[in-house]
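J.: For reference, the structure I am asking about is given below.
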Amino acid sequence: PPGPGGAAGAAGPDALTSSMAARIRDAVKRTGVAVVLADPPGSALYHRAAHGTAFAEEQAERTVRRNRYDTVVEGIGLDRVTANLRRAVLDAAVRVSDEEAVAMSRRLAERDGLFLGSTSAVHCEAARQVALALGPGHTVVTMACDSGERHTTRFWSDAFLRDAGLLPQAA
C-alpha cells in the first residue's frame, strides 16, 4: 500500500484549507500525513506556516509598497490569520511563483484538458513539489477549487501574461 503522504492547499480559501486538513487527518487516521500550505511569494501566511510568524520580508519597514507582491494569482497570499486558518494544523508550506502557476495551468490544459483557475494551479504545482520531495510510494491529495472561466482577463490572457513577462516559452 502507498505510504503516508501529503495534502497541498492555498490559504485564501482558508475555510477550505482548514476543513480539508481536518477531514484528511480524520479520514486517514495515520501518522505521517502532512498538510502543506501553498502560497505565492510575499505571503505572510506562508511565513506563519513555515516559520511560526506571520511576516514576510516584503513587509519589512521602508520596503512596503502599495502592493507588496503583485501576483497574477488572485484570492490567495493573504496577510491575515482568520479564525478558520488559526484552527488549521499545517505541517509545512511551499511557495509557488506566478511562473510556476502559469506553467502548471498550461500543462494541465494541454495534457489533461483541465481549464483551471489560478488557485487550483497553485494547488497542483504545490502537490507536484510535495510529491517530488516525498518520492515514490506516497499519495498526495489536493483540490481543484476554481475554474479558469473567471480568470480570462489575467491568468488566461496571453496578452496580459506577455506584458507581465509570465508567458511560458511554449506559448
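J.: List the number of the failed condition for Gln169; all other conditions in (1) part of a loop (DSSP other than H, G, I, E, B); (2) modelled with pLDDT of 90 or more hold.
T.: So Gln169 meets the others, but not (2).
J.: While we're on this one: Do you know which residues across the range 118-155 are among the small types (Gly, Ala, Ser), outside any helix (DSSP H, G or I) and touching a residue at least 40 places away in the same chain (Cβ under 8 Å)?
T.: Matches in the range 118-155: Gly137 only.
J.: Which is surrounded by 15 or more Cβ atoms within 10 Å (Cβ to Cβ), among the acidic types (Asp, Glu) and at pLDDT below 90, of Asp98, Asp70, Asp79?
T.: Exactly one residue qualifies, and that residue is Asp79.
J.: Does the range 53-64 contain any residue that is at pLDDT 65 or above, touching a helix residue (DSSP H, G or I) at 6+ places or on another chain (Cβ under 7 Å) and either within 24 Å of Ser147 (Cβ to Cβ) or not hydrophobic (A, V, I, L, M, F, W, C) (or both)?
T.: Among the residues of the range 53-64, at least one is at pLDDT 65 or above, touching a helix residue (DSSP H, G or I) at 6+ places or on another chain (Cβ under 7 Å) and either within 24 Å of Ser147 (Cβ to Cβ) or not hydrophobic (A, V, I, L, M, F, W, C) (or both), which makes the answer yes.
J.: OK, next. Consider Asp14 carefully, then state whether it is over 19 Å from Trp156 (Cα atoms), open to solvent by less than 50 Å² (accessible area, probe 1.4 Å), modelled with pLDDT under 80 and acidic (Asp, Glu).
T.: Yes, satisfied.
J.: Being farther than 16 Å from Ala38 by Cα, aliphatic (A, V, I, L, M) and surrounded by fewer than 19 Cβ atoms within 10 Å (Cβ to Cβ) is the filter here; which residues of the range 104-133 pass it?
T.: Once the filter is applied, which keeps residues that are farther than 16 Å from Ala38 by Cα, aliphatic (A, V, I, L, M) and surrounded by fewer than 19 Cβ atoms within 10 Å (Cβ to Cβ), the range 104-133 yields Ala109, Leu114.
The values are calculated or read from the model by the stated rules, or taken from the named source; none is laboratory data. Bear in mind the structure is a predicted one, so any value in this text is a computation, not a measurement. A quick note on method: Cβ atoms are made from the backbone with ideal geometry, for glycine too, and the neighbour counts reach across all protein chains shown. Side chains are part of the model used for accessible areas, which takes the heavy atoms of the whole protein and leaves out ligands, DNA and RNA. Shrake-Rupley method; radii C 1.70, N 1.55, O 1.52, S 1.80 Å.
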